[in-house]
Structures are given as C-alpha cells and as structure tokens.
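Inspection log for the structure reproduced underneath, given as structure tokens.
The values are calculated or read from the model by the stated rules, or taken from the named source; none is laboratory data. All of these numbers come straight from a predicted model, not from anything done at the bench. Here the Cβ positions follow ideal geometry from the backbone for every residue, glycine too, while neighbour counts run over all protein chains shown. To get the accessible areas, we keep the full protein, side chains included, count just its heavy atoms, and leave off ligands, DNA and RNA. Shrake-Rupley method; radii C 1.70, N 1.55, O 1.52, S 1.80 Å.
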Amino acid sequence: MSLNLLNKFLVFFFRTNKLGELTLNQVGEKVCISGWLEFKRGGFFTLRDSTGSCQIVCNIEYKLPEKESIVNVEGMVRARPEKDRNPKMKTGDIEVVCSNMTVLNDCKRRPFTVSKFITTKEETRMRYRYIDLRNTAMQRNLRLRSSFILKLRRFLCERRGFVDVETPTLFRRTPGGAKEFIVPTRKPGKFYSLPQSPQQYKQLLMVGGIDRYMQIAKCYRDEGAKADRQPEFTQLDLEMSFTNQDEIKQLVEDALVESWPEELSSISAPFPCMSYHDAINLYGTDKPDTRYGFVVKDLSELLKDITIFQYASSLSIRGICFTDGCEKLTSKQIKTIQGNVRKQHSLRLTVVQIGENKKWIYPGAQDIFPVNTMDQVNDYLGVKEGDVICLCANRQWQKACMALGKARTMAASYYEENGHPLWDKDTYNFLWVEDFPLFEIDDEDRLHSAHHPFTAPATEDYEHLVPHPMEATKVRGQHYDLVLNGSEIGGGSMRIHDAATQRYILEVMLKEDCSELEHLLEALESGCPPHGGIALGLDRLIAIMCDALSIRDVIAFPKSTEGTDLMTGAPCELSQVDLDTYKVSVTKKENTNKED
C-alpha cells in the first residue's frame, strides 16, 4: 500500500466527530470530520454524512473536488456570526474552520444532484439507487423503518412471548391465490416456487406447538406491473394458537401503539370496527378512508319514479354529495371522474350542480326531476349552494356503491391537488373491517376464495356451506382487515383447524386438487389446535408513516413498476450452459410486426 493511500485510510479510520452532532458547546474544539462534499462556493463548502451537514470555512488554498466526493477535514469549531446563522440547519449556529483537508475518494460520476431528488425522474433515481439513498428523505425513511421493526420485534418477543421463526423461501406450488414465481432445479421437471406468504408454514408451526409465532417475512407474488406493488415485499407475520379474533386485534393494536415512532402524531387504541357490508354501503370500498366524510347514501326510494333511471323499480340508486364541489373541483376533473367510473365500472355517473336556492343545474332538470323530489334529495343529502351531487344506479347495490366509492377517492385527491385538503396530513385513522364473504363468484359462476382457502367460515353460517354458488356467497369468513387512511395494511383470519372441513372446502366448494396440500391435511389430522393470525404489510404501513409517495421510497433496493431492477438489470437472460444445467428451454416470442 502506498504512503498516500495509507494516510487516507488512517485519516478516515480515526475520524472522531459526526457532522450533524456538532454544537455551540464545541466552539474552540478541534474536530476531525468526514463526509460527502455537498455544496461549494468561494471559500465555503458543506460536508454531509448520515447525521446531517456542516459548513466548512476553507481559508487555505485547496482545489476542491467535485460534489459528492468523500472528504476529510481537520479544523476548529467556531460560532457563526449572528447574521449568518441558519435556523433550517441542525448545525446552523456553528462552522468548522479547516486547517487540513484530505480527499478520500473523488466522485467521477454524478448523474443527478442528491438535494434535488424530488425533481429527478424516478427511473434515474432507481438506476443510481446507491446515490439516491444518500438523500435526507431516504435516510430518514430507512432509519425510521429499522427503528419501527426493531420495536415491533422486541415488543412481541420480549413482552408477549412470541418465537421468531424463519420459514423457507423455497416452497412448492400453492393451489389458488396469487401467482407464484417458479424456481427451476437440477432435477428435470421439478420446480420450487417462492411463497406468496408463509401461510402453510405458520399453520404447521401451530401443529408443532410453537403457539406464538412471528416473523419479518419476505413474500413473493408474480402479479405483473402494478403502480405501487412489488414482486417481493415484506410483512410482519403473526400466528397464535388457542386464540380468537378479538385477542388478535388487540395484540396488533398494542404492538402498533407501543412501537409507533415518537416523531409522528400519536395513535390510540382500540381501533374502530366496521362490517364489510357497511364499508361498501357507506364508502363504496372495503378499505375506506375515514379521515373525511362524503358518505354514500341510498336514494332508491326517493328517485324510483325518475324516467332517466330505466327499470327504476329494480334498480339500486345511490348518491353522494361533494361539499363546495362547484368551487373546489374543476369541470375537467369532474369529467375525468365520470370517465374513470365508466371505464372501471361500466356505469354512468349523473352529476348535478347545486345552484342558487338549491336549484339543480342539470340539462332538463326541471322536466326530469319534480320539485318535491329535488327538495327531498337535498334535505336527505344535506346539500347547500355550490355543492355537487353524483348519482349512480345499478341492479346490484354493491356496484352502484363501488362506482361512487371510486368517485369519492378521486374527488378527495383532486380537493388536495387544488389546495383544499380534506384531512390533516398528520392524522392516522386505523379501522378494522370484518365479516367479509368467504367466497366470490367469477363470470363463469365458479367459486373462489375471497382471501385464501384456509380461512374458517363464520360458525353461524355453516348451513350455507353448500356447493350452490348463490347460497355459498351467504357464508361469511372469520376474516379481518386492518385499514389505515384508505389503504389496506393488514389482513388475517381464524384458520380452519380440522382436516375434514378443509378438505370439503378445497374439493367440494373450490374444486381444487387436494393432492398438492396433503402435507397440510395430514398435519391437521394429527391434532391441530384452533388458531389464527394476521400479516401486516410493512412496506405500505411505513410508506404512510413517512408520507412517502410510493412504497419504493421506503425500500432500500426496490423494483420498478414493471418489476425490474433498473440498477442491476435483473431479471436477465441466462447462458445456454445455465439453461441446460436446469433442463430449461426458452421459447422466444416471434416478432409479428411487418416491416415496410
């Protein structure tokens, strides 16, 4: 090693001070500090490390390196003149007068300025993630994540007796549910799959007597490109034996309250509960944001004789009122809401503006709606001048409600975009949603699990547990979701703990091949205690805590919306040698585009 390199190493090794922790108490003290060169101008420059930044006064003739180079400075702390103090900076009251400087590593490539990461395209940030991570916001997000998860683990293991168990990530295919990633092996025709959750393993742990299991689990889902989801994600996984739904909910509430970051607005328990039916009926979604109003109401009786609603006697007509919508929503935004509802739900949204004396502004309103009907609707919705009413009708009440639920969330977003937010950004509204249907019906009248096939039916609904699809939809599952500010951050259930019921639901109700789950069925037959659990999506929860625009801003090395790693180029092609090793052949899609 050359003498110059050795000196650089020794200077860095014996660094004694952290930049963000320098204070007025250290005035007159000699310090040795290192960090990234963040800003330079004239005889001043700024150094930054993970704790903060500090202004350096450089009276010696040095040729400063490029920004983001690693620099070590030896010098004396002094107080800044009163007029030059910077209250926005942690170290804004002091500066360091440089007596010696060593460049530890030059920055030869700087694709974007760290301090301006918000205006940098996300693709660029993802491509150079190692630079993006230096930003103050990313540093805060990842440190908050680390602290929060550590508190959760300590609370559960040290105070509630949970056992932290790592389950395998090389698994076998699970029938039903989300699509799984396949992992080839050297055995021809034999494949692993990456688990979409540790669901079966944690149930097997209950059979094995690990009565309180927890894990910060990696999960995988091959769901294609989605705006705010990742093919690999992290969840807090919990399972308990000899428990019930109320105990699990209370445990989660206690864990969140005890682990909640001190720098955020406090939360309190118990969290309110709402049935799935009420959530759809009032908010048009099973994950309602309760920070604001705009509740969906049933207008079927009031509008049953209105001619624009064809076959009105058999329709469910729902309405919602957007307060001051004429002022706080633009006509373009209202049309966008209508178009989105039409595209996603194939339903027409009738929009009425409320004018002077609460008159309805709608083409031909006076001919279509009798005066007494308009007055009754106005009173029922509590409208006033300047409000906007949206109406929607369908034979199925759920579809009409869900269409208005979409309009509700879009309108709230536009209110905020236009400078009229409906909530305080420091508000955290948790909500339990329960009594979900156990089954759903597809377009071919086939039953599917609303969540997963291991959810126990509600005890009082066993009489409806028959193969007839319409009868089966009456069965409620012992499932519960945890919602925060309109996002589902967790889901759990009481599990089926006897083999006969599990086999019946798989084979008779869902028409699944049980051969792929014989290991679980055999375990249930060996004496399995009643049990239940929950999984919290940590990425989404922490993104809400950090007020991040995307879960990608709370994950160190995330994938893009297309599921690719722009930094490393994964996924990538394999050589023919590797393909032959795993007995895999690749069929490339032919290019069918005709060339001129």
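I'd like the full set of residues that are touching a residue at least 60 places away in the same chain (Cβ under 8 Å) and open to solvent by 40 Å² or more (accessible area, probe 1.4 Å), limited to region 75-98. Working first, answer last.
We begin by selecting, within region 75-98, every residue touching a residue at least 60 places away in the same chain (Cβ under 8 Å); these are 90-91, 93-94, 96.
Of everything in region 75-98, those that are touching a residue at least 60 places away in the same chain (Cβ under 8 Å) and open to solvent by 40 Å² or more (accessible area, probe 1.4 Å) turn out to be K90, D93.
Residue by residue through region 520-556, note down the ones that are farther than 27 Å from L156 by Cα, touching a residue at least 12 places away in the same chain (Cβ under 8 Å) and open to solvent by 30 Å² or more (accessible area, probe 1.4 Å).
Within region 520-556, E522, E525, S526 meet the criteria.
Residues that are of a type in the set (D, E), part of a loop (DSSP other than H, G, I, E, B) and in contact with a Ser or Thr (Cβ under 9 Å, 6 or more places away or on another chain): does region 368-390 have at least one? Talk me through it step by step, then tell me what you get.
Restricting attention to region 368-390, the residues satisfying the condition of being of a type in the set (D, E) are 375, 379, 385, 387.
Next cut, part of a loop (DSSP other than H, G, I, E, B) only: 385, 387.
Now restrict to residues that are in contact with a Ser or Thr (Cβ under 9 Å, 6 or more places away or on another chain): 387.
For region 368-390, residues of a type in the set (D, E), part of a loop (DSSP other than H, G, I, E, B) and in contact with a Ser or Thr (Cβ under 9 Å, 6 or more places away or on another chain): present.
Within region 439-448, is there a residue that is among the charged types (D, E, K, R), in contact with a helix residue (DSSP H, G or I) (Cβ under 6 Å, 6 or more places away or on another chain), more than 23 Å from P530 (Cα to Cα) and touching a residue at least 12 places away in the same chain (Cβ under 8 Å)? Full working, then the answer.
If we filter region 439-448 for residues that are among the charged types (D, E, K, R), which is where we start, we get 440, 442-446.
If we keep only those that are in contact with a helix residue (DSSP H, G or I) (Cβ under 6 Å, 6 or more places away or on another chain) too, we end up with 445.
Of the ones still in play, those that are also more than 23 Å from P530 (Cα to Cα) are 445.
Next cut, touching a residue at least 12 places away in the same chain (Cβ under 8 Å) only: 445.
The answer is yes; a qualifying residue exists.
Which one of these does E356 not meet: (1) closer than 22 Å to L315 by Cα; (2) more than 32 Å from the chain's Cα centre (by Cα)?
(1)
If a residue must be open to solvent by less than 50 Å² (accessible area, probe 1.4 Å) and part of a loop (DSSP other than H, G, I, E, B), how many such residues does region 184-209 contain?
Going through region 184-209 one residue at a time, the tally reaches 6.
Specify which of the listed residues (I317, I337) is surrounded by 19 or more Cβ atoms within 10 Å (Cβ to Cβ), at pLDDT 95 or above and either more than 22 Å from P421 (Cα to Cα) or hydrophobic (A, V, I, L, M, F, W, C) (or both). Give the steps one after another, and end with the answer.
Details: I317 fails: at pLDDT 95 or above.
Checking each option against the conditions leaves just I337.
Which of (1) assigned to a helix (DSSP H, G or I); (2) hydroxyl-bearing (S, T, Y); (3) open to solvent by less than 70 Å² (accessible area, probe 1.4 Å) is the odd one out, the single condition T167 does not satisfy?
(1)
Does K179 satisfy being over 24 Å from T243 (Cβ atoms), within 24 Å of the chain's Cα centre (by Cα) and among the basic types (K, R)?
Working: over 24 Å from T243 (Cβ atoms): yes; within 24 Å of the chain's Cα centre (by Cα): yes; among the basic types (K, R): yes.
Taking the combined requirement at face value, the residue satisfies it.
Count, please, the residues in region 416-475 that happen to be at pLDDT below 95, open to solvent by less than 80 Å² (accessible area, probe 1.4 Å), polar (S, T, N, Q) and not in a loop (DSSP other than H, G, I, E, B).
1
More than 23 Å from D547 (Cα to Cα), touching a residue at least 40 places away in the same chain (Cβ under 8 Å), open to solvent by 70 Å² or more (accessible area, probe 1.4 Å) and assigned to a strand (DSSP E or B): does that describe R110? Quick ask: steps written out before the conclusion?
Values: more than 23 Å from D547 (Cα to Cα): yes; touching a residue at least 40 places away in the same chain (Cβ under 8 Å): yes; open to solvent by 70 Å² or more (accessible area, probe 1.4 Å): yes; assigned to a strand (DSSP E or B): no.
No; evaluated as a whole, the condition is false for this residue.
Within region 250-269, can you find the residues that are over 16 Å from E158 (Cα atoms) and either small (G, A, S) or touching a strand residue (DSSP E or B) at 6+ places or on another chain (Cβ under 9 Å) (or both)?
Within region 250-269, E253, S265, S266, I267, S268, A269 meet the criteria.
Of all residues in region 120-160 being open to solvent by less than 60 Å² (accessible area, probe 1.4 Å), in a helix (DSSP H, G or I) and among the β-branched types (V, I, T), which is nearest to D211 (Cα to Cα)?
Taking the candidates together, the pick is I149.
Here are some residues: A365, A400. Which one is within 20 Å of Y283 (Cβ to Cβ), open to solvent by less than 40 Å² (accessible area, probe 1.4 Å) and of a type in the set (G, A, S)?
Details: A365 fails: within 20 Å of Y283 (Cβ to Cβ).
Of the residues listed, the single one that is within 20 Å of Y283 (Cβ to Cβ), open to solvent by less than 40 Å² (accessible area, probe 1.4 Å) and of a type in the set (G, A, S) is A400.
Scan Y380, Y414 and give me the residue that is out of contact with any helix residue (DSSP H, G or I) (no Cβ under 8 Å at 6 or more places or on another chain) and of a type in the set (F, W, Y).
Values: Y414 fails: out of contact with any helix residue (DSSP H, G or I) (no Cβ under 8 Å at 6 or more places or on another chain).
So the residue among Y380, Y414 that is out of contact with any helix residue (DSSP H, G or I) (no Cβ under 8 Å at 6 or more places or on another chain) and of a type in the set (F, W, Y) is Y380.
Before we move on, is K559 in a loop (DSSP other than H, G, I, E, B), open to solvent by less than 40 Å² (accessible area, probe 1.4 Å) and not small (G, A, S)? Outline the logic, then answer.
On the way: in a loop (DSSP other than H, G, I, E, B): yes; open to solvent by less than 40 Å² (accessible area, probe 1.4 Å): yes; not small (G, A, S): yes.
Judged against the criteria, K559 is a match.
Would you point out which residue out of G52, G43 is out of contact with any His (no Cβ under 7 Å at 6 or more places or on another chain), at pLDDT below 90 and under 22 Å from T113 (Cβ atoms)?
Result: G43 is the single residue among G52, G43 that is out of contact with any His (no Cβ under 7 Å at 6 or more places or on another chain), at pLDDT below 90 and under 22 Å from T113 (Cβ atoms).
Could you please let me know if L264 is assigned to a helix (DSSP H, G or I) and either open to solvent by 70 Å² or more (accessible area, probe 1.4 Å) or at pLDDT 95 or above (or both)? Don't jump to the end; show me each part of the working.
On the way: assigned to a helix (DSSP H, G or I): no; either open to solvent by 70 Å² or more (accessible area, probe 1.4 Å) or at pLDDT 95 or above (or both): yes.
No: the conditions fail for L264.
Can you pull out every residue in region 502-518 that is in a helix (DSSP H, G or I), of a type outside the set (D, E) and either in contact (Cβ under 8 Å) with a residue 40 or more places away in the chain or open to solvent by less than 20 Å² (accessible area, probe 1.4 Å) (or both)?
Filtering region 502-518 down to residues in a helix (DSSP H, G or I) leaves 502-509, 514-518.
So of that shortlist, the ones also of a type outside the set (D, E) come out as 502-506, 508-509, 514-515, 517.
Hits for region 502-518 are Q502, I505, L506, V508, M509, C514, L517.
Condition check ((1) open to solvent by less than 70 Å² (accessible area, probe 1.4 Å); (2) of a type in the set (G, A, S); (3) at pLDDT 95 or above; (4) part of a loop (DSSP other than H, G, I, E, B)) across all residues:
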residue: L5; (1), (2), (3), (4): no, no, no, no
residue: F12; (1), (2), (3), (4): no, no, no, no
residue: N17; (1), (2), (3), (4): yes, no, no, yes
residue: V71; (1), (2), (3), (4): yes, no, no, no
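Examine region 234-256 for a residue that is part of a loop (DSSP other than H, G, I, E, B) and either touching a Ser or Thr at 6+ places or on another chain (Cβ under 6 Å) or at pLDDT below 95 (or both), and state whether such a residue exists. Please lay out each step first, then the result.
Initial filter on region 234-256 (part of a loop (DSSP other than H, G, I, E, B)): 242-244.
If we keep only those that are either touching a Ser or Thr at 6+ places or on another chain (Cβ under 6 Å) or at pLDDT below 95 (or both) as well, we get none.
No: zero hits.
If a residue must be surrounded by fewer than 21 Cβ atoms within 10 Å (Cβ to Cβ) and either among the aliphatic types (A, V, I, L, M) or outside any strand (DSSP E or B) (or both), how many such residues does region 34-61 contain?
Number satisfying all stated conditions: 9.
Go through I320, I308 for me and flag whichever is on the phi < 0 side of the Ramachandran plot, assigned to a strand (DSSP E or B), touching a residue at least 12 places away in the same chain (Cβ under 8 Å) and more than 21 Å from the chain's Cα centre (by Cα).
Working: I308 fails: assigned to a strand (DSSP E or B).
Answer to the selection: I320.
Could you list, in sequence order, all residues of region 529-554 that are within 20 Å of A255 (Cα to Cα), in contact with a helix residue (DSSP H, G or I) (Cβ under 7 Å, 6 or more places away or on another chain) and of a type in the set (G, A, S)?
Hits for region 529-554 are G532, G533, A543.
Test of understanding: among S331, S314, S346, which residue is more than 33 Å from the chain's Cα centre (by Cα) and among the polar types (S, T, N, Q)? Explain how you work it out, then say what you get.
Details: S331 fails: more than 33 Å from the chain's Cα centre (by Cα); S346 fails: more than 33 Å from the chain's Cα centre (by Cα).
Being more than 33 Å from the chain's Cα centre (by Cα) and among the polar types (S, T, N, Q) holds for just one of S331, S314, S346, which is S314.
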